[in-house]
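The values are calculated or read from the model by the stated rules, or taken from the named source; none is laboratory data. None of these values were measured; they are calculated from a predicted model. Cβ placement follows ideal geometry from the backbone for every residue including glycine, while neighbour counts extend to all protein chains displayed. The protein model used for the area step is the full one, side chains on, heavy atoms only, and it has no ligands, DNA or RNA in it. Shrake-Rupley method; radii C 1.70, N 1.55, O 1.52, S 1.80 Å.
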Amino acid sequence: MADHGLYVYAVIRSGQPLPANTPAVGGPPAVPRILREGAIAAVVSDAPPQLRARRRDLLAHQELLLALSEDGPVLPMRFGVVAPDEQTLRGQLAEARTRHLATLEQLTGRVEFNVKAVAAQNALAALVREDPEIRKLRDDARHRPGYAADLRLGEAVAAALARRAAEAGTRVVRELTALAHAVVAGPDVQGCAVNASFLVDRDDAERFTATARQLALTHQERAELRVAGPLPCYSFVADQAPAPTAVM
Amino acid sequence: MTMTTTTYSDDVMCRPRAGTLYDVLELILDRGMVIDVFVRVSLVGIEILKIDARIVVASVDTYLRFAEACNRLDLERDSGSTTIPELLGGGVAKSVGKRKVKRAAESVGDTVRKAVGGGDDEDTEEETEEQEKPRRRAPARTSGTKRRRAEA
């Protein structure tokens, strides 16, 4: 049946139900099911032929994980993990059972928030007002206009915008860390001065969001914050427990 | 100065549901558990996630645009209404808040379309939807000025 293998979404506790009406990857969408192996289980579906990172499939992956997260702790798989067959998957689950159960325990009642800082929308005027060096270069460019002067000014502006966003982002991460159990740096994203994920108690999610909103206002002339969450704990399922403050 | 405040509070978008893709694509593709012995779909060629058009690319062209915008700034009257997306060729931004959401949506479409290597399959529905929105990529050096004049 599963000619192309089993697409694996997540590892959960065996007792946890499959949410109703959730899409799976593939077109037409496959039907997700639970593969129980003792105390833990994998959420799987038949893998579609020629699986690629399509928008539709990425969304299906994400939606199913979000729905699963409502009912209990979830170890989200990275997008695109395919087991060759059921037997191999069962073997893997049995072998890693203790480790998976420990991580599930750690993530119980917790969610991930991702925070990115990019250069602020309205940063330019604030920068010129506040940065004496930029002001000087600007005056130079006005009094002695020319290509070289403009280039010096523009380069300094670009560097300053990036620096200010990074500084503000670092401060924001420091503040938000106080509300989190763990913090890890996210993968590098072009244009992002800061990219960090926080492990937060589900009960604290609102407080976290409210604090992030406040910080966004405080730093609005330096960085724009983009907060996503609550999310499945993508960043907190590594075998090793994440270092509590591994970001900066 | 105070006018921007509301815009910014809207900017902290916490989007836990569908549509989250844009801001968390790199987590879905780069984080999460992997099982070494299992096959993982090849992601070769995927150009992961570009945050809007606000990337400050280190190029002569960008520098000159920044310089131009800087020289144009009137600190007394103009409290920073030139936004970086405009500087970087984002076109006419009437409502930054709303536009940003739309732009974000477009970028996801873009990135993912690149990821799937062009729409040669059943994704046509999404494609059509995205292509209905005209893309504005033309350099928009003067759009900021025009906009302010129109509003004045």
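Computed from point charges on the beta carbon alone (+1 for Lys and Arg, -1 for Asp and Glu), the dipole magnitude for the stretch A:6-100 about its Cα centre is near 200 Debye. The charge dipole of the stretch A:111-248, taken about its Cα centre with unit charges on the Cβ of Lys, Arg, Asp and Glu (plus for the first two, minus for the last two), comes to roughly 520 debye.
The ellipsoid equivalent to the alpha-carbon distribution of the stretch A:144-229 has semi-axes of 33, 13, 9 angstrom, derived from the gyration tensor eigenvalues as √(5λ) and listed largest first. If the segment from A:Ala238 to A:Gln190 were pulled out straight at 0.36 nm per residue, it would be longer than the present Cα-Cα gap by 14.9 nm. Accessible surface of the stretch A:6-100, 1.4 Å probe: 51 percent of it comes from carbon and sulfur atoms.
Label sites at A:Asp201 and A:Ser14, each approximated as a point 7 angstrom past Cα along Cα to Cβ, lie 3.1 nm apart. Sorting the segments A:36-46, A:58-68 by their mean number of nearby beta carbons within 10 angstrom, highest to lowest, gives A:58-68, A:36-46. Checking an interface number: how much accessible area is buried between A and B, summed over both chains, with a 1.4 Å probe, in Å² rounded to 100? Rounded to the nearest hundred, the buried surface is 7100 Å².
Among A:Ala223, A:Ala158, A:Ala83, the largest mean-square fluctuation in a Gaussian network model of chain A, built with springs joining Cα atoms closer than 10 Å, belongs to A:Ala158.
The mean count of C-beta atoms from other chains within 10 Å of the C-beta of residues in A:157-166, rounded to a whole number, is 3.
For the stretch A:4-49 and the stretch A:170-196, what is the separation of their C-alpha centers, rounded to whole Å? When both Cα centres are located, 31 Å separates them. Look at the stretch A:228-238: the mean tally of other chain Cβ atoms within 10 Å of its residues' Cβ atoms is 5. Note that the stretch A:123-128 has calculated 3J(HN,Hα) couplings of 6, 5, 4, 4, 4, 5 Hz, one per residue in order, obtained from phi through the Karplus relation 6.51 cos²θ - 1.76 cosθ + 1.60 (θ = phi - 60°); glycine and proline are x.
Using heavy-atom solvent-accessible surface (probe 1.4 Å) with all chains present, what is the largest-first order of A:His143, A:His100?
Working: A:His143 140, A:His100 10 Å².
Greatest to least solvent exposure: A:His143, A:His100.
Counting Cβ atoms of other protein chains within 10 Å of each residue's Cβ and taking the mean over peptide A:46-59 gives 6.
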